[in-house]
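The values are calculated or read from the model by the stated rules, or taken from the named source; none is laboratory data. Quick caveat: nothing in here was measured; it's all calculated off a predicted structure. Glycine also receives a Cβ, built like all others from the backbone with ideal geometry; neighbour counts cover every protein chain displayed.
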Amino acid sequence: LADNAIISLKKENYVEFDDLHHVSKLQKRKIGFSRVRFLPEKDKMRIVANTKVQCMIRTGKEGQRSPFFKRVNPSLQKLHAILRKIKNENPQALGSSVFGYDDVYKKLYQFRQEIKGVPSVYIVIA
């Protein structure tokens with residue numbers, strides 16, 4: 001399963017990083033990068049990236065500090081603000097996009113109000 005997940009990551013323009021030769025180039029990047037985790041599901045692996053924390057790459061050399069790399073989230077804050085403004089001014093432009101738990105709650109609440117009178121409708125949230 002993990003091999004299939006890695007293949008699918010590579011198809012989505014992810015690159016497996018295992019060569020420390022590129023460390024200095026990565027430190028100069030304006031946008032950071034993040035590690036990914038694999039969460040097993042029934043017949044596949046879900047890929048989860050944590051963009052909130054700094055990423056550290058272990059050099060494997062004793063006595064040498066491992067470099068930390070920029071977080072992804074601060075790099076995307078301006079883009080996120082622009083998308084929120086577009087969404088607030090023209091909600092149809094971004095379709096059913098959500099930008100956090102509050103947006104998910106609002107969409108679910110709106111949907112619940114629409115189906116309130118319909119019998120035998122069950123919503124399961126996990």
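Per-structure values
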item: All positions within the range 35-69 that are over 18 Å from Tyr14 (Cα atoms), surrounded by 11 or more Cβ atoms within 10 Å (Cβ to Cβ) and modelled with pLDDT of 75 or more; result: Pro40
item: Sole exception among (1) at pLDDT 80 or above; (2) under 17 Å from the mean Cα position of the chain (by Cα); (3) assigned to a helix (DSSP H, G or I); (4) not small (Gly, Ala, Ser) for Pro74, by number; result: (1)
item: Residue pairs meeting the criteria (Cβ under 6 Å; at least 6 apart or on separate chains; first within 26 Å of Asn73 (Cβ to Cβ), in the range 38-55; second surrounded by 10 or more Cβ atoms within 10 Å (Cβ to Cβ) and charged (D, E, K, R)); result: Leu39/Arg46; Val48/Arg37; Gln54/Arg71; Cys55/Arg35
